[in-house]
């Protein structure tokens, strides 16, 4: 488990540096694609640092729900953004890029945040009580 934390910490450090550099680039002028990539990198960094410093047992349930939410909603966003333009605008040669660069990352961020908010740690279930006669 210690090796996993080290690897995740290194990846979170790279994501943090990328997010900071991206934010500094946004101060020169707003660009929607840069903002989406910056927020996505920030979300990866947040999840990584949460795993490294949060204590595995204390954040396990919320982190699991955040990852599940990010993967499910991001996957749905990717599918809609990738295959939607192929159906609605079949002559557009750059339509699938919408799913790769816009709807997929936005879906991952929204799903991860909602999963972290709605995810609850499940405690031990109480033992069933016998019914009185």
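The values are calculated or read from the model by the stated rules, or taken from the named source; none is laboratory data. All of these numbers come straight from a predicted model, not from anything done at the bench. All Cβ positions, glycine included, derive from the backbone under ideal geometry; neighbour counts span all protein chains shown.
Report yes if residue 59 is touching a helix residue (DSSP H, G or I) at 6+ places or on another chain (Cβ under 9 Å), more than 21 Å from residue 98 (Cβ to Cβ) and modelled with pLDDT under 85, otherwise no. Yes, satisfied.
Matching residues to (1) in contact with a helix residue (DSSP H, G or I) (Cβ under 8 Å, 6 or more places away or on another chain); (2) surrounded by 14 or more Cβ atoms within 10 Å (Cβ to Cβ); (3) at pLDDT below 90:
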| residue | (1), (2), (3) |
| --- | --- |
| 26 | yes, no, yes |
| 81 | yes, yes, no |
| 88 | no, no, yes |
| 95 | yes, yes, yes |
| 104 | yes, yes, no |
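Being outside any loop (DSSP other than H, G, I, E, B), without any contact (Cβ under 8 Å) to a residue 60 or more places away in the chain and over 15 Å from the mean Cα position of the chain (by Cα) is a property that does not hold for residue 73.
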